[in-house]
Amino acid sequence: MAGSLNFLPDDRYNAFITTCREAPFGDGALAGVAVAVKDNISTAGIQTTCGSRILEGYIPPYDAHVVELLRREGAAIVGKTNMDEFGMGSTTETSAFGPTRNPVDTERVPGGSSGGSAAAVAAGLVPMALGTDTGGSTRCPAAFCGIVGLKPTYGRVSRYGLVAYANSLEQIGPMARTVEDASRLMSVIAKYDPRDSTMLDRPYDHQPSADIAGLRIGIPEEYFGEGVDPRVAETVRDAIGVLDNLGADTVPVSIPGMQYALAAYYVICTGEASSNLARFDGVRYGPAVDTRKTWHEAYQELRQANFGTEVRRRVMLGTFALSAGYAGRYYAKAQVARRNIRQDFERALRDADVIAGPTMPTVAFRLGEKTDPLSLYLADILTAPANLAGIPAISVPCGRVDGLPVGLQLMGRQFEDERVVDAAFAYEQEVRR
């Protein structure tokens, strides 16, 4: 053991649920570097709540694979970051431990569900953090807070020790202030783990390059259409122009399945959530059930009292979508739409090396401004397609609208995470000159 890091952050943003005042660190590539970990990633000896009262006080007996790798490389794990409950949200307002505030404007949301990780990085509390991304949960808060967030290719980072929300969609990903630091963190966490049957042995060991001469950048009009703030669209088009000036070539591409993406995403993710959250029954962990009542009564009361409104809503939606007589009408059709979207991206990425567009349709909105679930779900319209397709996607800051950050989203072929990182790095280096 090399030492320990004293960590006493001025957390006026409510970025952390749990902090480690004495964070031990060792030798390695991240020796002594403070790293924050989203609170749905298991950490031995450190409370892991998933932002929910139903797991308050739960201390895992083991580390997630990514946490093992962080410790092996000497990182100081300084705390667990706030998040939308069980990752269900785009604002970090559904956390049972109160909302996180955006360091750029504390009256605004930081995005979600990895809002605590994004806020901790944006506020300078840590240089890098881990988030998770099911439908945009690293990229959305990265865009809203003005940092970098990467969703790796599905299967490139182990999900062992991640408390599952939607298994077929989610990935753990790095968040940092720079593309280089995000890539550095990715190099640590993308190591093969046989305990995750969805993972392939495709380690990431990459030093970003700003040489993108001849890179073909696909521009899908579907990413600049209805619902996207025209000022956000203009800012992103200007950013693409920077890449064009660096020697990249822009080509038009189309993702026609975009019109079905959000509906397919929410049917699939709520269906998987309904199945995954059934394990929270008060028997093995979490608040104890009232044994004086029947199992059905006790189970119902426990979940109603300790699951938040949004979690209950998504569990009920998913249960309905999977129920007898409806699974074929909803879940099966959603999987067909998912396959079509994946094929759309495969076709587009034959003509282009990366696809570019806005990360989010708007800049960060005010806390409490959006209370209608549908309006919140629509915030995922530009990020969820990459999860359905299983491709890598990164958000890099590319300007501001009304003083608030805008994110440029770059997506690529499966297991070509390095290429989207290079494109983001080239842009970042050029605008930082």
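Roughly how big is the chain's charge dipole about its Cα centre, with Cβ charges of +1 (Lys, Arg) and -1 (Asp, Glu), in debye to the nearest 20?
Charge dipole, the chain, about its Cα centre: 960 debye, nearest 20.
Given the -39500 (n - 2.57) contribution per DSSP H run of 4+ residues, what per-residue ellipticity at 222 nm results for the chain, rounded to the nearest 500 deg cm²/dmol?
The helix-only estimate for the chain comes to -10000 deg cm²/dmol at 222 nm.
Summing +1 for each Lys or Arg and -1 for each Asp or Glu, what net charge is found among the other residues whose Cβ lies under 13 Å from the Cβ of Ala118?
+3
Report the FRET efficiency, 1/(1 + (r/R0)^6), for Gln429 and Glu234, where r is their Cβ-Cβ distance and R0 is 25 Å, rounded to 0.05.
The formula returns an efficiency of 0.65 here.
Using only Cα atoms, figure out Rg for the stretch 262-322 and give it as a multiple of 2.2 N^0.38 Å.
Here the Cα radius of gyration is 1.21 times the empirical estimate.
Beyond 19 Å, what share of the Cα-Cα pairs of the stretch 300-433 is found? Please give it as a whole percent.
Percent of Cα pairs beyond 19 Å in the stretch 300-433: 65.
I need the shape label for the stretch 354-433. Rule: rounded when a/c is under 1.5, else prolate if a/b > b/c, else oblate, with a, b, c from the alpha carbon gyration tensor.
oblate
Once a ≥ b ≥ c are taken as the square roots of the eigenvalues of the Cα gyration tensor of the stretch 175-307, is the result rounded (a/c under 1.5), prolate (a/b larger than b/c) or oblate (a/b not larger than b/c)?
prolate
For the chain, what is the percent of antiparallel DSSP beta bridges, rounded to the nearest 5?
Antiparallel: roughly 70 percent of the beta bridges in the chain.
How do Met411, Met186 line up, fewest other C-beta atoms within 10 Å first?
So the residues, fewest neighbours to most, are Met186, Met411.
State the label only: which of (1) 0.99; (2) 0.95; (3) 1.41 corresponds to Rg/Rh (Cα atoms, Kirkwood Rh) computed from the shown model?
(2)
When only Cα pairs under 8 Å and 6 or more residues apart are kept, what is the percent relative contact order across the stretch 332-433?
31
Take the Cβ-Cβ distance between Asn167 and Gln259 as r, set R0 to 30 Å, and report the resulting FRET efficiency rounded to the nearest 0.05.
Between Asn167 and Gln259 the formula returns 0.70.
For Ser4 and Arg292, compute 0.36 nm times the residue count separating them, minus their Cα-Cα distance, and round to one decimal in nm.
Gain in length upon complete extension: 99.0 nm.
Please arrange Thr106, Thr138, Thr371 by counting, for each residue, the other beta carbons lying within 10 Å of its beta carbon, fewest first.
Fewest-to-most ranking of Thr106, Thr138, Thr371: Thr371, Thr106, Thr138.
All other residues with a Cβ under 15 Å from the Cβ of Pro24 taken together, and with Lys, Arg as +1 and Asp, Glu as -1, what is their net charge?
-2
Expressed as a rounded percentage, what relative contact order does the chain have, with Cα pairs under 8 Å and six or more residues apart?
Reported as a whole number, the value is 18 percent.
So what are the radius of gyration and Dmax for the Cα set of the stretch 3-189, in Å?
Computed over the Cα atoms of the stretch 3-189, radius of gyration and Dmax are 14.2, 40 Å.
Would you mind counting up the charge near Glu85? Only other residues with Cβ under 9 Å from its Cβ, with Lys and Arg at +1 and Asp and Glu at -1.
Counting the neighbours of Glu85, the net charge comes to -1.
Given the convex hull over the Cα atoms of the stretch 216-267, what projected area results after averaging over all orientations, in nm²?
In nm², the orientation-averaged hull projection of the stretch 216-267 is 4.1.
Listing Lys38, Lys80, Lys293, Lys191 from the residue with the fewest other Cβ atoms within 10 Å to the one with the most, what is the order?
Lys293, Lys191, Lys80, Lys38
Kirkwood-based Rg over Rh for the stretch 103-193 (C-alpha set), two decimals?
Rg/Rh: 0.96.
Coordinate-derived values only; no laboratory data. Keep in mind that this is a model prediction, so the values were computed, not measured. Note that each Cβ is placed from the backbone with ideal geometry, even for glycine, and that neighbours are counted across all protein chains shown.
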